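Here is the structure we will look at.
What follows is calculated from the coordinates using simple rules that are stated; it is not laboratory data. Note that the structure is a prediction, hence the values are computed from the model and not measured. Neighbour counts run over all protein chains shown; Cβ positions are idealised from the backbone, glycine included.
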Amino acid sequence: MLNDEESFIDFKIPSEWIYRGEGNCNIVLSLPKTGKILRIRKTNKPNSLIGWLIVWISDFIFWYFGKAIEDEERDLKFYSTVMRPLIGRKYTSEAMQVILTRKQIKILENELGKYRPEFRKHKILQYGRASIFNDFAFIPQEECDYLPFKMSEDTFAIEIKPKQAWRSLSEKHFPACVFCMNQYMKLGNKRINTISGYCPEDLFSGDVSKMKNAIKCLIKVPQNNFRVFKNGILVYGEQTKPEFFNIVHSLFSNIDDKLDRLIDEFSELVVKSLVTNVMNVDFPDNCEEKRFCEWNKIIQDSNINSVLPRGCVLEKILSIQMLDTEGCSYYDKLLNQENSSDWKYINKLLDRIDNKDVCLKCIIMMLGNTNHREEEMDLAFVPYLISAIAKDCSIMISLKKILEDVCDLEMKNIIKTKYGNFLVNVGVFDLYPKRLSSIKKHRQRNKSILQAYLKARKSKSNE
Ligand SMILES: O=P(O)(O)O[C@@H]1[C@@H](OP(=O)(O)O)[C@H](OP(=O)(O)O)[C@H](O)[C@H](OP(=O)(O)O)[C@H]1OP(=O)(O)O
Ligand SMILES: Nc1ncnc2c1ncn2[C@@H]1O[C@H](COP(=O)(O)OP(=O)(O)OP(=O)(O)O)[C@@H](O)[C@H]1O
């Protein structure tokens, strides 16, 4: 059991753990016996003796004053109070902060070396910053209990980092979407070696054929946007790329068909999972303000041909991305007048979320619309920063094949395909706050990707 007070303070990593993966800021271990994952924050590895000394001293001071532990607590509170309700509790995991000893961190650091990709090794584990979440690579046991049919032993999980599908006012005139333009900069920097055909705007379009095409592009060029796990083990991704036939063949229990038909059916299964509202209870909106939430709905409904169904995971993420109406150049100008710290805005925001009669989106937008008084100024950036989290979060769809005929059974979490039916669970993660200085970074990134894109287009037209 992980759910008691004792384990919070003196958490011992179970002897059986598996390196699940890592991104820019966190390393994740799965703890197979518990159905949980342990997510540990990373920090920059110093590259000189003086650097090590500074880290060691500041680490000691921070440890002495419990700074990192406090920071983790603050980020978790933000996650539970802001991001979980916005995305939906059904799509997100409960979380529990845990404190690992320095010795455990040291041992782990050494053992992890053989699993970690070289390009991520410039960061090391940070003391004091770890939390436990549900493992979305599996379907929670309570979802499987009492189901009147047998299911396969194997669980497949499809991870998608969908990225930015919404353009703010200042991005509307861009010749392509941010993700697509970024591909050219990444190619120039050698962070990728092939341009992906994937476009987030297609995935979130609500148009089934565009969405299926987006999934097919992810399969072809997964980069860091697409992975498949079987029983929690990575079986397909940028660095692990067997024939996709093996994956679909195994997922659909050895059905023999042509590869493109299997891939088509796989893409349809993924799209259906992304557009199904799998939430148990839909709370009615009872917002007294109805300022932003109403506008939000109107925009989403304005595209007659392709609308994302209300309550599906993509609609949830997109509507949060939409909190950024102005774009980073606007916020960067505002920031230039400011001398703010990276994380102060979080506690200021948490102190102000108290109105039960106004929905969270409207609260956020109203707080963002401050008079720009100095003490309130940090709040002006909140809509942008929350939108930025939704532009960088990830989705995991876990699937179990149903081994009996359930044609007559209508359940939200059963998806039917030509090759059989699946029990599905959808989870969203990577929902910690972004630092205030991301705004500056994004402004610079947008300039650079625009240049890279225009340069590539020019050289193509000269060919
Ligand atoms: O700026 P982007 O769009 O390239 O996104 C960064 C991601 O790059 P990507 O394009 O997905 O490969 C980047 O991912 P990678 O390190 O490239 O896997 C991080 O997610 C980064 O967020 P943070 O610094 O960890 O908070 C992301 O930074 P934020 O944009 O979220 O600040
Ligand atoms: N709750 C979860 N359930 C299952 N797997 C998870 C979960 N959280 C994270 N992972 C796995 O761990 C990997 C790294 O986690 P995460 O994306 O949170 O790291 P990050 O450093 O914050 O990423 P990014 O660079 O995108 O900001 C993910 O790609 C995913 O495979």
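If you average 1/r over all unlike Cα pairs in the chain and invert the result, what Kirkwood radius do you get in angstrom?
One over the average 1/r among Cα pairs gives 23.7 Å for the chain.
Enumerate the calculated ³J(HN,Hα) couplings along the stretch 12-18 in order (Karplus 6.51 cos²θ - 1.76 cosθ + 1.60, θ = phi - 60°), each rounded to whole Hz, writing x wherever the residue is Gly or Pro.
10, 5, x, 5, 9, 9, 10
Beyond 25 Å between alpha-carbons counts as too far, so tell me which of K33/K103; K186/K241; K356/K440; K297/K401; K36/K186 fall in that bin.
Result: K356/K440; K297/K401; K36/K186 exceed 25 Å.
Sort out for me the Cα centre separation of the stretch 174-210 from the stretch 96-173, rounded to whole Å.
Each part reduced to its Cα centre gives a spacing of 24 Å.
Using DSSP to define loop residues, name the trypsin sites (Lys or Arg not before Pro) in the stretch 376-430 whose beta-carbon has at most 16 other beta-carbon atoms within 10 Å.
Passing sites in the stretch 376-430 are K412, K418.
Considering all projection directions equally, how large on average is the shadow of the alpha-carbon convex hull of the stretch 174-223, in square nanometres?
3.5 nm²
Could you compute how fast the stretch 358-463 diffuses translationally, taking Rh as the Kirkwood radius over C-alpha pairs and applying Stokes-Einstein at 10 °C with viscosity 1.306 mPa s? Give it in µm² per second.
Once the numbers are plugged in, D ends up at 85 µm²/s.
Under a point-charge model restricted to the Cβ atoms of Lys and Arg (+1) and Asp and Glu (-1), what is the dipole moment magnitude of the stretch 15-103 relative to its Cα centre, in debye to the nearest 20?
Taking the Cα centre of the stretch 15-103 as origin, the dipole is about 260 debye.
Which one, L349, L269, S329, projects farthest toward the positive side of the charge dipole computed for the chain from Cβ point charges (K/R +1, D/E -1)?
It is S329, whose Cα lies furthest towards the positive end.
Can you work out the Karplus-derived ³J(HN,Hα) for every residue in the stretch 187-194? Use 6.51 cos²θ - 1.76 cosθ + 1.60 with θ = phi - 60°, whole Hz, and x for glycine or proline.
5, x, 7, 6, 7, 9, 10, 9
Beyond 17 Å, how much of the Cα-Cα pair distribution for the stretch 135-233 remains, as a whole percent?
For the stretch 135-233, the fraction of Cα-Cα distances above 17 Å is 63 percent.
I'm a student and want to see the number: the projected area of the Cα convex hull of the stretch 177-267, averaged over all directions, in nm².
Taking a quarter of the hull surface, the average projection is 6.4 nm².
Compute the label zone of L187 within the stretch 146-175: residues whose backbone N is under 17 Å from the point 7 Å along Cα-to-Cβ.
Within reach of a label on L187: 175.
In whole Å and largest first, what semi-axes does the C-alpha gyration tensor of the stretch 25-156 yield when each eigenvalue is scaled by 5 and square-rooted?
33, 19, 12
Name all residues of the stretch 79-113 having a backbone nitrogen under 20 Å from the label point set 7 Å from the Cα of K45 along its Cα→Cβ direction, giving them as ranges.
What the label zone holds, given the 20 Å backbone N cut-off, is 102-113.
Work out the length of the dipole vector of the stretch 136-463 about its Cα centre, built from +1 on the beta-carbon of each Lys and Arg and -1 on the beta-carbon of each Asp and Glu, and round it to the nearest 20 debye.
For the stretch 136-463, the charge dipole is close to 1700 debye.
Once the dipole of the stretch 5-135 is set up with Lys and Arg at +1 and Asp and Glu at -1 on Cβ about the Cα centre, which of F119, I50, S15 lies farthest towards its positive end?
So the residue we want is F119.
Want the number for N231 to K67: 0.36 nm per residue separation, take away the alpha-carbon distance, what's left?
This chain segment gains 55.4 nm when fully extended.
Return the inverse of the average 1/r over all pairs of distinct C-alpha atoms in the stretch 409-463, which is the Kirkwood hydrodynamic radius, in Å to one decimal.
Value: 16.3 Å, from the Cα pair sum.
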